Structure formats: C-alpha cells, structure tokens
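Following: one structure in structure tokens, then a few remarks.
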Amino acid sequence: MKSKITVILSIVALIVLSSTAPLSAQNNKGFVKLFNGENWDGWHLKLKNGDDALAEKVYAIEDGMVHVFNDEFPDEYNLNKGENATHGLFYTNKNYSKYILRFEYKWGSKIANNFDEWQYDAGCYYHVFDDKIWPKGIEYQVRYNHITNKNHTGDFWAASTHLDWTSTADTSSFLLPKDGGINAGRKKNELYGYAKAKYNALNNKWNKCEVIVMGDKYTIHKLNGVIVNMGTNLSHSEGMIGFQSETAEIFYRNIEIKEFDEIIPIEEFVK
C-alpha cells in the first residue's frame, strides 16, 4: 500500500511541477542566441563611411556583449561636427519573418556624432530590405532625451515602409485597443509611439526589449515586459535585423530569437 501511495504522490507531484514550474522555462523555450557573444558569425558590419576596420572597433565584443564606443574612444567623439562617420549597424546575414526578438541594452557615458540633435540615440531595425546607412525597414527606437527627460525607447521609425499604428484618438501616443486605442491609419517615415520616462540614460540599468513580429500582419514592441507600441498591416513581411551605433555609448547583450512557422494570433500576446 505504501509503495502505491508513494507512486501516486510522485505522479501528482510531476503533474503539479509540469503545470507550474515550467512557466518561466516555457517563456524561454525555443529561443536561440542570435549573437553568440564571441564573434561576428552570421552578421555583417556597416558604417556610414564604409571603413570596415573602424567598424570592428565601434562594435567591440567584450564579455559576451557588444560595446559600442568602448574605452578606445574618447568621452566625446567627433561631436557635433556634421560628419557622423560612425553611424551604422551590425546586421544579420539572414532574413527573418515571424519571430520574437529579445535583447537588452544599457547606456554608457560617452557621446558622439550629432548628439546635440539626437541625444542618447541608437536602436534595433527589423524587416530591413536595404542595409545601407540608414537602412530601409522598421526601427524599434532606443533613445533617451535627457533634456526633456523623455525616453523614446519603443517608438517606431518606419523608414520607407508602412504600417497601421494603434493609438489614442488624438494620435498623440500609443494605446492598447482594450484601453480604447484605435487604428490611427497608415504611417511612414515618422517617429511615433509611447515610452516610459523612468527608463533613462542616467540610471545605468539594463533594459529588456522585445519585438514580436508576424510577417506583415502585426508588430508589437515591449519594454521591460510592458507593451509600449503596436502596428498592423505592415508593408513588408521579412528582412534582416540590425543594431545601431549612433550618438552615444551603448551595450547590447542577450540578443535572442524565437522563430515561428505560422502566424501566431495577436490575441496570444495582447490580452
């Protein structure tokens, strides 16, 4: 009898564990490293001035991270000279269509290029179909304006692409449909979105970003677990992924992706 009870209890325990413990593991299931933390396998680097050797210095690999404008660069680099030669991105060689992309970023203290116009500015491009500098695709903006104390991380920049934006009735900011958000119509080549000012350049913290994109059906931007932007009816369904060097020192790490064979309904992510 004791052995039967033990077996039954073991089965119950397994059922409980399988239904509760794997929740966090389930969130991580299927993700693979997009950047291996060691070298540029699967990627290519581009700067505005076309200098490949300089690109490998701008995008330094340190401790499994990408460190943009590392200790080889001065605290102020080519600041406000109008040259902006080190504007650029590191791009995947492969196109992606339906996936969840995750990465983390943290600002440093160095500033560069046209910082007077775009303070603490960088970003992540996806659905890139022309990898020139600047590329054609959709950007998950990574930016903090210390002058206005406004964080723009999660904003859209749709370069040579279109999408239908979800916003407040006056189109001043993003708003989820369940909270009254509407389809604000077709958007192209504009910055628009919503972001939380507390995630700024001065607190020296890591921020977690997600892009959930399903071909040309929809795209969702998340910042530290919160949906901060959303668009539907995209004009492009796939493309390369790239991360920017622009006006400030920045660290990128834990760049991971989970691909899907079929479209996952948006309701799975927007409750």
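Assorted remarks:
- Cα long-axis angle, helix 2-20 against the chain (0 to 90 degrees, to the nearest 10): 30
- Separation between Cα centres of the range 206-271 and the range 33-86, rounded to whole Å: 22
- In order along the range 218-233, the Karplus-derived 3J(HN,Hα) couplings, from 6.51 cos²θ - 1.76 cosθ + 1.60 at θ = phi - 60°, round to 6, 9, 10, 10, 10, 10, 6, x, 10, 6, 10, 6, 7, x, 10, 6 Hz, and Gly and Pro are given as x.
- HIS146 long-range amide H proximity, modeled H, under 5 Å: none
- Along the chain, counting only GluC sites (Glu not before Pro) with a DSSP assignment other than H, G, I, E or B and at most 15 other Cβ atoms inside a 10 Å radius, the longest segment between sites is 118-189.
- The phi torsions of the range 127-136, fed into the Karplus equation with coefficients 6.51, -1.76 and 1.60 and a -60° offset, translate into couplings of 6, 6, 10, 8, 8, 5, 10, 8, x, 9 Hz, rounded to whole numbers, with Gly and Pro shown as x.
- Kirkwood radius for the range 32-268, taken over all pairs of different Cα atoms as the inverse mean of 1/r, rounds to 17.8 Å.
- Each residue of the range 61-73 was assigned a 3J(HN,Hα) from its phi angle through the Karplus curve 6.51 cos²θ - 1.76 cosθ + 1.60 (θ = phi - 60°); the sequence is 9, 9, 6, x, 10, 9, 10, 8, 6, 7, 5, 6, 9 Hz, with glycine and proline shown as x.
- In terms of distances greater than 30 angstrom between alpha carbons, the cross-link table entries LYS57/LYS217; LYS57/LYS132; LYS188/LYS258; LYS188/LYS208 yield LYS57/LYS217.
Each value in this text was obtained by applying a stated rule to the coordinates, not by laboratory testing. Just so we're clear, the structure is a prediction, and the values are computed from it rather than from any experiment. Virtual Cβ from ideal backbone geometry, glycine too; neighbours counted across all protein chains shown.
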